[in-house]
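Student: Just dropping this structure here.
The values are calculated or read from the model by the stated rules, or taken from the named source; none is laboratory data. Not measured: the values here are computed from a predicted model. Virtual Cβ from ideal backbone geometry, glycine too; neighbours counted across all protein chains shown.
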Amino acid sequence: MLIHSRLGLMDQVNVTVNATNNATGVKDEEWTDSVAFKIRTAILLLIVIMAVLGNMLVIVSVMRHRKLRVITNYFVVSLAFADILVAMVVMPFNFSVQFYNEWIFGTVICDLWNSSDVYFTSTSILHLCCISVDRYYAIVKPLKYPIKMTKKMAFVMLAATWLSPITISYAPIFMGWYTTSEYIRTRVQNQCEFKVNKPYAVISSSISFWIPCTIMIFTYLAIFKEANRQEKALHARAGNAMLMHRHSREVGDKNGALHINATTPTKDKNILKMKREHKAARTLGIIMGAFILCWLPFFLFYLSTSLCDTCEYPEVLTVIMFWTGYFNSALNPIIYAYFNRDFRNAFKNTLACAFCSFCRRNSMDSSALERLDRRSSTQLRVPVSSRRQSDLASL
């Protein structure tokens, strides 16, 4: 009996210990999940804020500085506006799904969100395709550039960039052409999946990404090839000019005549313009490379999962792919600030003016408060002084 009682006591102790360990494990797991949730939420909010503020800084800087008002920057400003809309229209809905772990807005808003996602992604890459064409004519065919790339042509290209993605976003999604009949039958209110059929996956990814990327790669290869050729010719021309300058100086010293400088203001202006074009092409090439690095994994994932019916993948992979692409909207202003001197100086000037106006407004408010306090104290002192004068008069 004593042995059985001891065994029973040991069983009770083991059960208590196991329950305590399980409770501790559950608490540790909940704490880990809460920390991971807070970190993920902070990162996603940071991406949204960076995308909105950074691209607003691009737009304001181009509007404030006349030096940046060139045709290429029309596309840059339009791209920044598209990135702002991505951050304000598309990202918040994806963030709400990560926050609530379900879709809470209904099927109509789900279709609107998916359409906007496809639309703005396509619009962004078409902007970059227009920029690559603009840089191609500016560097590879500089004589045709003033004729081909006018303001009217730029506005026509921008209109096509904003209107053409409707054909693969809002129209097919709201008409139900993008998905399967099985998904339409089994669709529920608290889920918002982007379940596409195979023809739509191939057509939409080709128009949104693969065809424009192919055009950009070929144009930038031609741009960099021509830029290298021009730089080599520029260095050779500079070397020949130095030799001619040295020879003319020696001949002038011997004959007692003045030597003439080999360079002219027009030539110097053309050289500076060429260097500026090359720097702009390098910056925009880096932007194109960043866009491909951010969106290429998503489109590979999107195409492979749409064509493969039996493929299984973790849900976290979809979240990473989406937000890696969204991060590109916040990355472009950073690239401008780091690689382009004109944009960097414009950003500094815009931020300095904004900060100074904020400080000036605060100082004006504080000075107004001081004047108000001084006026109120004066008003409080007047009755006292008048009362004292009346008392003295009575004496």
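Student: Can you tell which of Ile184, Ile173 is of a type outside the set (Lys, Arg) and either within 30 Å of Lys141 (Cα to Cα) or loosely packed, with under 15 Cβ neighbours inside 10 Å (or both)?
Tutor: Sole residue among the options that is of a type outside the set (Lys, Arg) and either within 30 Å of Lys141 (Cα to Cα) or loosely packed, with under 15 Cβ neighbours inside 10 Å (or both): Ile184.
Student: May I ask you to list the residues in the range 98-112 that are within 21 Å of Ala36 (Cβ to Cβ) and surrounded by 13 or more Cβ atoms within 10 Å (Cβ to Cβ)?
Tutor: Matches in the range 98-112: Gln98, Phe99.
Student: List pairs: first residue in the range 308-337 and at pLDDT below 85, second residue aliphatic (A, V, I, L, M) and part of a helix (DSSP H, G or I) anywhere in the structure, Cβ distance under 6 angstrom, at least six positions apart or on different chains.
Tutor: Cβ pairs passing all conditions: Asn332/Ile287; Ile335/Ile286; Ile335/Ile287.
Student: While we're here: With the checklist (1) free of Cβ contacts under 8 Å to residues at least 40 places away in the same chain; (2) farther than 24 Å from Phe120 by Cβ; (3) assigned to a loop (DSSP other than H, G, I, E, B) in hand, flag the one item Thr179 doesn't pass.
Tutor: With (1) free of Cβ contacts under 8 Å to residues at least 40 places away in the same chain; (2) farther than 24 Å from Phe120 by Cβ; (3) assigned to a loop (DSSP other than H, G, I, E, B) applied to Thr179, the lone miss is (2).
Student: Residue by residue through the range 134-154, note down the ones that are in contact (Cβ under 8 Å) with a residue 60 or more places away in the chain, surrounded by fewer than 19 Cβ atoms within 10 Å (Cβ to Cβ) and under 11 Å from Ala222 (Cβ atoms).
Tutor: Val140
Student: For Ser78, only one of the following conditions fails: (1) surrounded by fewer than 19 Cβ atoms within 10 Å (Cβ to Cβ); (2) within 19 Å of the chain's Cα centre (by Cα). What is its number?
Tutor: Among (1) surrounded by fewer than 19 Cβ atoms within 10 Å (Cβ to Cβ); (2) within 19 Å of the chain's Cα centre (by Cα), the lone unmet condition for Ser78 is (1).
Student: Would a scan of the range 119-138 turn up a residue that is at pLDDT 90 or above, outside any loop (DSSP other than H, G, I, E, B), more than 23 Å from Ser78 (Cβ to Cβ) and not small (Gly, Ala, Ser)?
Tutor: For the range 119-138, residues at pLDDT 90 or above, outside any loop (DSSP other than H, G, I, E, B), more than 23 Å from Ser78 (Cβ to Cβ) and not small (Gly, Ala, Ser): absent.
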